[in-house]
1. Here are Thr326, Thr321, Thr309, Thr301: which of them is among the hydroxyl-bearing types (Ser, Thr, Tyr) and free of Cβ contacts under 8 Å to residues at least 12 places away in the same chain?
2. I'd like the full set of residues that are closer than 21 Å to Thr378 by Cα and hydrophobic (A, V, I, L, M, F, W, C), limited to the range 317-355.
3. Given the residues Val75, Val61, Val48, which is the only one that is over 26 Å from the mean Cα position of the chain (by Cα), at pLDDT 95 or above and of a type in the set (A, V, I, L, M)?
4. Of all residues in the range 184-211, which are in a helix (DSSP H, G or I) and over 23 Å from the mean Cα position of the chain (by Cα)?
5. Can you pull out the residues in the range 307-337 that are under 20 Å from Asp402 (Cα atoms) and small (Gly, Ala, Ser)?
6. crowded, with 23+ Cβ neighbours inside 10 Å and either among the β-branched types (Val, Ile, Thr) or assigned by TED's automatic domain parsing to the domain that holds Ala85 (or both), is that true of Phe183?
7. Residues that are part of a helix (DSSP H, G or I), farther than 30 Å from Ser91 by Cα and in contact with a strand residue (DSSP E or B) (Cβ under 9 Å, 6 or more places away or on another chain): does the range 322-341 have at least one?
8. Taking Ala118, is it assigned to a strand (DSSP E or B) and touching a helix residue (DSSP H, G or I) at 6+ places or on another chain (Cβ under 9 Å)?
Amino acid sequence: MSASEAAMPAPPVNDSPVLRIQGSNTVGAKLAPMLIAGFFEAQGLTAVRIAPAGRENEQRVSGTDDSGRTVHALVAAHGTGTGFAGLKDGSADLAAASRPIKDSEFDSLATLGNIRGAEAEQIIAIDGLAIIVHPGNRIASLSVEQVARLFAGEVRNWRELGGDNLAVELHARDDQSGTYDTFKELVLARQSKTLAGSAARYESNDQLSNTVSTRPGAIGFVGLASVGRSKALAIADGNSQPMLPSTALVATEDYPLSRRLFFYADPGRQSEWTRAYLDFVHSAAGQAIVAQSGYIAQAITAIKLPAQTDMPPPYQALANTAQRLTVNFRFDEGSARLDNKAQRDIGRLIDYLRGTDKIMNAAVLVGFGDAKGDPTRTALLSKLRAMAVRRELSRGGILVRDINGLGEQLPVASNSESGRIKNRRVEVWVY
């Protein structure tokens with residue numbers, strides 16, 4: 001029985017909500033309510049609707065069961081940090097987050113159990129942090145360093161970067177936002193910068209984007225689903241080529257400012273409704289809603305990448321004759337252990353290879369490492385990571401055609417800590 005066909009959990013004993021989600025505006029403004037609506041419909045509820053809940057950035061999703069009773073859920077989207085506070089005080093069943101949990105938050109929730117374990121940490125979608133400007137801005141691409149200098153107030157006129165003679169206007173999310181936390185981590189902190197005090201601040205991605213689209217000198221950052229009428233810039237990190245936040249580059253998490261979107265749940269105490277909702281979110285029906293909402297679903301597709309002359313020969317041969325799948329497996333530093341997303345992606349990959357009749361000698365695994373340690377050890381570890389993925393696939397009846405370890409070659413990000421995480425990966429190619 002699929003997640004979308006599972007029996008409905010027991011109805012609430014009173015008028016209390018069956019689901020309470022608090023946290024990220026990126027997740028809560030649109031994605032979480034849409035997923036709840038789809039979940040309610042899959043459970044057989046009728047007259048499903050999403051409506052304001054009385055406070056700004058709070059929504060109520062309701063439906064009617066076959067006995068005529070109203071079932072409802074509440075979503076409060078006031079920033080990632082508020083979700084973990086809700087888990088701690090019991091006012092939330094799920095914390096929506098647009099960044100991984102911080103060590104301080106993890107410590108504060110220690111009484112709940114391992115909040116970073118697979119039962120608690122649920123990666124629900126991939127998002128790209130888009131750097132946006134007015135659609136008439138002549139600038140097409142920036143480096144992460146240039147973005148940091150702009151938002152630190154060090155670049156005051158676009159002509160300093162080859163653009164028009166326009167004063168730079170800064171637009172940023174507020175301090176409660178996981179989007180802002182991600183921007184600080186991926187852009188500002190890595191360049192030892194802080195946000196200029198002149199930046200206008202917003203609780204809503206969409207409000208920020210709408211403003212940027214009307215201001216010729218404006219620059220801002222939003223989740224991928226909120227680019228709207230603004231123009232997204234291509235971003236380069238370290239030795240990588242400038243990359244637009246395209247579906248394929250965000251899905252593989254190669255885009256420098258890609259990020260994961262999360263639900264965090266109490267690992268030891270989840271209601272039937274919470275478990276059923278999470279199952280639906282990970283199902284094909286749930287991930288289809290993720291794509292519909294403007295984010296990147298964790299569905300796997302094949303894409304053709306152009307061969308480049310500077311590619312290592314084995315990789316160039318793959319680019320000429322095979323297709324890359326929109327899934328990457330990532331690992332901790334010095335480790336060949338699959339992370340929480342990778343463990344679920346193994347199942348998705350097995351289903352994809354079975355569904356496309358590629359279970360025998362069709363898949364190639366290519367491992368990569370970061371440039372922090374000894375190159376020989378990095379090359380070996382990159383191959384061990386590919387072998388770890390091969391081992392999991394073999395348990396699902398998949399015979400891999402070949403594996404390769406290319407070490408620190410072909411980085412997709414800089415050699416900073418967050419960049420090294422992206423560089424420690426296994427790619428999947430198919431013939």
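1. Thr309
2. Within the range 317-355, Phe329, Phe331, Ala336, Leu338, Ala342 qualify.
3. Val48
4. If the condition is that a residue be in a helix (DSSP H, G or I) and over 23 Å from the mean Cα position of the chain (by Cα), then Thr211 is the only one that fits.
5. Ala307, Ala317, Ala319, Ala322, Ala336
6. Values: crowded, with 23+ Cβ neighbours inside 10 Å: yes; either among the β-branched types (Val, Ile, Thr) or assigned by TED's automatic domain parsing to the domain that holds Ala85 (or both): no.
In short, no.
7. Scanning the range 322-341, I find no residue that is part of a helix (DSSP H, G or I), farther than 30 Å from Ser91 by Cα and in contact with a strand residue (DSSP E or B) (Cβ under 9 Å, 6 or more places away or on another chain), so the answer is no.
8. No, not satisfied.
The values are calculated or read from the model by the stated rules, or taken from the named source; none is laboratory data. A quick note: this is a predicted structure, and the numbers were derived from the prediction, not measured. Cβ: placed from backbone, ideal geometry, glycine included. Neighbour counts: every protein chain shown.
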